[in-house]
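Novice: Dropping the structure in here first, questions after.
Computed from the coordinates by the stated procedures, all read-outs in this text should not be read as laboratory data. Computed from a prediction, not measured in an experiment: that's the story for all the values here. Virtual Cβ from ideal backbone geometry, glycine too; neighbours counted across all protein chains shown.
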Amino acid sequence: MDVKSSSALLSNTNFSGFTLRNSDHAFSTSCSYPRSPMAVSCQLSKNSHHENVTSLPLSNTLTNHCLTFDKRNPLGKTFCSAGVCTYDGVAVESHSGIVEEKVGVLLLNLGGPDKLDDVQPFLYNLFADPDIIRLPRLFRFLQRPLAQLISVLRAPKSKEGYAAIGGGSPLRKITDEQANALKMALEAMKVSANVYVGMRYWYPFTEEAIQQIKRDRITRLVVLPLYPQYSISTTGSSIRVLQSLFSSKLDLTVRKDAHLSKLPVAVIKSWYQREGYVKSMADLIAKELETFSEPSEVMIFFSAHGVPVSYVENSGDPYKDQMEECIFLIMQELKARGIENKHTLAYQSRVGPVQWLKPYTDEVLVELGQSGVKSLLAVPVSFVSEHIETLEEIDMEYKELALESGIKNWGRVPALGCTSSFITDLAEAVVEALPSATAMSASSDTSIVEEDHDPIRDVVKLLFGSVLAFLLLLSPKMISAVKNYL
Ligand SMILES: C=CC1=C(C)c2cc3[nH]c(cc4nc(cc5[nH]c(cc1n2)c(C)c5CCC(=O)O)C(CCC(=O)O)=C4C)c(C)c3C=C
Ligand SMILES: [Fe+2]
């Protein structure tokens, strides 16, 4: 390992600075730091999780934390003298002249309708997302009219689903609870942080969370999507929103916003491989297996939310690979505990006219039932809260289908929610990611380039688009494609 240089400096309870990196691997620093500014001791451990953190050049100071300082950093200049550090970030200088970090954690999630009247506008937001319905460039002008049409037509069916689970999505409440639990877990690690919730398709929107982060004058932000595995359609979509809010190129109001464009940000892109998560999932599965009369005979049935095959095959979505690795790790953990049940993975919740990842959950359930499997434990694995697809699709639709197909004993593992080992692991992920935060506008990870906005061109496009959309939407091909969303 080529540890080039390291420097630690302390200022009262603040300190900063290590350079610990070789060309290919990031290393986590696990640090013990005394409250007095006497010494900081850090141990190095090779940390694969860092590969999933957008780790960009930075420098900064951080209260009560070890920092990673990347020698390749073109921006990261930390100037220190007599216990005071200045840097090219946005930390706040206190009366005493000590630079104080205000750490923020932004939890990203999908969002869901709070009540039945929200269902159609929620669906509109979802289908208007070009990461959810991906139209060829030439047809992008159809995105919004199509979203309007599909959302209106799908709303009655979706409403039935939401009505069956109490009249709305539980996602906001559960995500708020996770945010509070995470804040407390961070506090237990002596990290004081504000935790924000930013939803992609419903309140509180990511945009609102970012406004609050600005108002609170957060000086260092960790972005933590609540999806264990990365998909273009979930984490990717939310990061795209953040990029458009942070990048000075994209938004005239943000261009003048010195705070946001300089704010050091670390994005944890995926975390399915973290030991704490894997063990927490294994705990839940092991516990649920015990509710069966013959636990070793139970088939463990992982059911993941699907994505269209084209995402994986044409656009490099790592979702399928990550999902398979995730299942492997969970099964390995169970094996280490002497649990050697059979298992399988299938994909649920397909929508629309295209091919989705296979095998499909509904088809596999029927096959398993018909092939003589008698006991089955469903494990939702792509999401960490209960939501419509666990409470309605799995608990009602799939359970009924499985029982009709010959399965006699049915069980379902609950979502992780606020399970304490899981929340502690998320808190550790946040602490590990903090040092790698850097200004997002300097990110080289901007995969999506937005067009500049020209108001006249936009109006022409809208008018032309509406007429063409109206004609196209009435074409037989389009009608049959839209029908697949219902
Ligand atoms: C990892 C999780 C998810 C992936 C991947 C995902 C992709 C994806 N979803 C749709 C369409 C819909 N999703 C809907 C709800 C929904 N989706 C997820 C998670 C993933 N989606 C969650 C957690 C929820 C539920 C939110 C809640 O309110 O509880 C819906 C609305 C519900 C319905 O009408 O069925 C749609 C539609 C697509 C097209 C897609 C990938 C391209
Ligand atoms: Fe979905």
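Novice: Tally Lys/Arg at +1 and Asp/Glu at -1 over every other residue whose Cβ is under 11 Å from the Cβ of Y360; what's the total?
Specialist: Around Y360, the surrounding residues sum to -1.
Novice: Suppose the chain between E297 and L401 were pulled fully straight at 0.36 nm per residue; how much longer would it get relative to their current alpha carbon spacing?
Specialist: Roughly 35.4 nm would be gained on extension.
Novice: Label E324 and Q211 with points 7 Å out from Cα along Cα→Cβ: what is the distance between them in nm?
Specialist: My value for the distance between the label points is 4.4 nm.
Novice: Could you check how many percent of all C-alpha pairs in the stretch 335-447 are farther apart than 21 Å?
Specialist: Summing the P(r) of the stretch 335-447 above 21 Å gives 55 percent of all pairs.
Novice: Another question about this same structure. Can you compute the FRET efficiency between E290 and I456 using 1/(1 + (r/R0)^6), with r the Cβ-Cβ distance and R0 = 51 Å? Round to the nearest 0.05.
Specialist: 0.15
Novice: Report the FRET efficiency, 1/(1 + (r/R0)^6), for F139 and E160, where r is their Cβ-Cβ distance and R0 is 22 Å, rounded to 0.05.
Specialist: The computed FRET efficiency comes out at 0.10.
Novice: Output the pairs from K157/K287; K173/K269; K115/K408; K115/K287 with a Cα-Cα distance over 25 Å in this structure; if there are none, say none.
Specialist: Violating the 25 Å limit, Cα to Cα: K157/K287; K115/K408; K115/K287.
Novice: Right, here's the next one. Which of the trypsin sites (Lys or Arg not before Pro) across the stretch 282-383 are loop residues per DSSP, with 16 or fewer other Cβ within 10 Å?
Specialist: Those that pass, being in a loop and sparsely packed, are R337, K342, K374.
Novice: Where the Cα atoms of the stretch 275-415 are projected onto their three principal axes, how long is each span, largest first, in whole Å?
Specialist: 44, 37, 26
Novice: Search the structure for amide H atoms under 5 Å from the amide H of V105, placed 1.01 Å from N in the peptide plane, and list their residues when 5 or more places away or on another chain.
Specialist: Result for V105 returns N194, V195, Y196, V222.
Novice: Further, regarding this structure: For A188 paired with D117, estimate the spin-label separation in nm (one decimal), with each label point 7 Å from Cα along the Cα-to-Cβ line.
Specialist: Calculated label separation equals 4.1 nm.
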